[in-house]
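Some notes on the structure that comes next.
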Ligand code: 5AD
């Protein structure tokens with residue numbers, strides 16, 4: 001094993017320059033060594049098991065105007081929908097019948113709409129006490145976070161997007177600040193949520209030192225879940241003409257973060273499979289241990305377009321194929337909730 005990779009594996013940290021080498025090196029044997037070490041650590045911690053999360057994209061309404069995102073407020077072409085309580089419940093029921101024990105309600109940032117989710121979360125909690133409820137609804141008033149938590153939500157995903165104030169500002173409209181994003185993450189933790197954070201890789205103007213700043217932020221915050229995917233342009237956004245991020249760099253970041261956070265739940269994300277067909281498995285082999293099949297009703301699924309080229313193979317309809325592909329690589333699905341348990 002490469003000496004730098006070995007140091008990362010044992011010390012769970014590295015100096016900036018060594019991280020830069022791991023992210024930038026053209027030596028493919030170094031990348032191979034990094035991915036192998038990450039896989040070894042993942043298998044030792046979790047066994048060859050993968051957890052499933054049912055993604056339910058509950059609303060494409062968003063008050064925000066992030067420059068990269070297809071459902072930004074400024075995109076007049078985006079189709080807007082919000083699932084009713086009954087539609088959310090039936091999507092979750094379908095997921096539960098398929099054996100999934102985590103529901104992820106994700107949507108645009110829409111505090112007044114999110115109010116309606118408080119009773120929905122209560123109903124999900126009462127009906128399926130053995131399932132975990134994850135929310136991914138952006139920045140909300142802290143009292144709403146608290147009410148959603150009391151209603152029975154267990155986890156919250158809020159990517160910090162970039163820990164570099166310069167890059168954060170160039171990705172987001174004036175008025176959105178990194179300081180407030182990080183305050184939300186601290187508050188979510190204080191409320192007792194398992195908290196997930198993460199970034200897009202290869203966003204316009206993102207440099208290696210920005211990724212190193214992200215690695216350092218995650219090192220300090222120690223998230224329970226880590227969400228990572230390549231930037232993919234959406235034609236109706238200001239970033240529509242920028243190239244997509246590199247799948248290769250994304251995979252290296254998966255492995256680096258796995259070695260630094262052996263207990264974290266890390267999904268192999270849809271954006272990664274959007275960039276290359278074998279991306280789902282590549283993510284697993286680089287250290288991910290979670291897959292999020294899409295249980296949004298097919299009609300709305302298309303309207304929930306954060307970037308172009310969202311794959312159709314991530315749908316609940318492809319679940320059997322997905323599980324088959326994992327089984328062929330030696331992985332089985334764990335039937336439990338898959339909480340992050342820090343050793
Ligand atoms: N490419 C890749 N990921 C994106 N996201 C939003 N827009 C894009 C895009 N164009 C990611 C953001 C957000 C998550 C829900 O989706 O990181 O946090």
remark   = Those residues of the stretch 61-72 which are touching a helix residue (DSSP H, G or I) at 6+ places or on another chain (Cβ under 9 Å) and either modelled with pLDDT under 95 or surrounded by 22 or more Cβ atoms within 10 Å (Cβ to Cβ) (or both) amount to 66, 68, 71
ask   = touching a residue at least 60 places away in the same chain (Cβ under 8 Å) and within 25 Å of residue 253 (Cα to Cα): does that describe residue 281?
value = no
key: Selected residue (criterion: surrounded by the fewest Cβ atoms within 10 Å (Cβ to Cβ)) from residues of the stretch 216-247 that are in a helix (DSSP H, G or I) and within 16 Å of the ligand (Cβ to nearest atom)   = 221
task = Among residues belonging to the stretch 109-123 that are in a helix (DSSP H, G or I) and touching a residue at least 40 places away in the same chain (Cβ under 8 Å), point out the one that is farthest from residue 84 (Cα to Cα).
result = 111
message = Given the options 179, 174, 183, 153, name the one that is surrounded by fewer than 16 Cβ atoms within 10 Å (Cβ to Cβ), in a loop (DSSP other than H, G, I, E, B) and more than 16 Å from the ligand (Cβ to nearest atom).
response = 174
message = Is it the case, given these coordinates, that residue 263 is surrounded by fewer than 19 Cβ atoms within 10 Å (Cβ to Cβ), away from the ligand (no atom under 16 Å from the Cβ) and touching a residue at least 24 places away in the same chain (Cβ under 8 Å)?
response = yes
query = For residues in the stretch 127-150 being part of a helix (DSSP H, G or I) and in contact (Cβ under 8 Å) with a residue 12 or more places away in the chain, which is surrounded by the fewest Cβ atoms within 10 Å (Cβ to Cβ)?
reply = 127
remark   = Here the residues within the stretch 283-297 that are over 16 Å from the mean Cα position of the chain (by Cα) and more than 16 Å from residue 55 (Cα to Cα) are 285
query = Counting only residues that are more than 16 Å from the ligand (Cβ to nearest atom) and farther than 21 Å from residue 291 by Cα, how many does the stretch 90-112 have?
reply = 2
query = Checking residue 86 against (1) within 16 Å of the ligand (Cβ to nearest atom); (2) over 30 Å from residue 234 (Cα atoms), which test does it fail?
reply = (1)
request  = Kindly list, by first and then second residue, each pair from a residue in the stretch 222-243 that is under 18 Å from residue 259 (Cα atoms) and modelled with pLDDT of 95 or more to a residue that is assigned to a loop (DSSP other than H, G, I, E, B) and more than 10 Å from the ligand (Cβ to nearest atom), limited to pairs with Cβ atoms under 6 Å and residues at least 6 apart or on different chains.
outcome  = 224/340; 226/264; 226/266
task = With respect to residue 277, determine if the residue is closer than 19 Å to residue 196 by Cβ and either assigned to a loop (DSSP other than H, G, I, E, B) or within 14 Å of the ligand (Cβ to nearest atom) (or both).
result = no
request  = Please state which one of 207, 189, 166 is more than 16 Å from the ligand (Cβ to nearest atom), under 24 Å from residue 53 (Cβ atoms) and modelled with pLDDT of 95 or more.
outcome  = 189
Residues within the stretch 192-202 that are within 14 Å of the ligand (Cβ to nearest atom) and either assigned to a strand (DSSP E or B) or under 18 Å from residue 339 (Cβ atoms) (or both), tallied = 7
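The values are calculated or read from the model by the stated rules, or taken from the named source; none is laboratory data. What you see is a predicted model; the values in this text were computed from it and never measured. Positions of Cβ are generated from backbone atoms using ideal geometry, with glycine treated the same way; all protein chains shown enter the neighbour counts.
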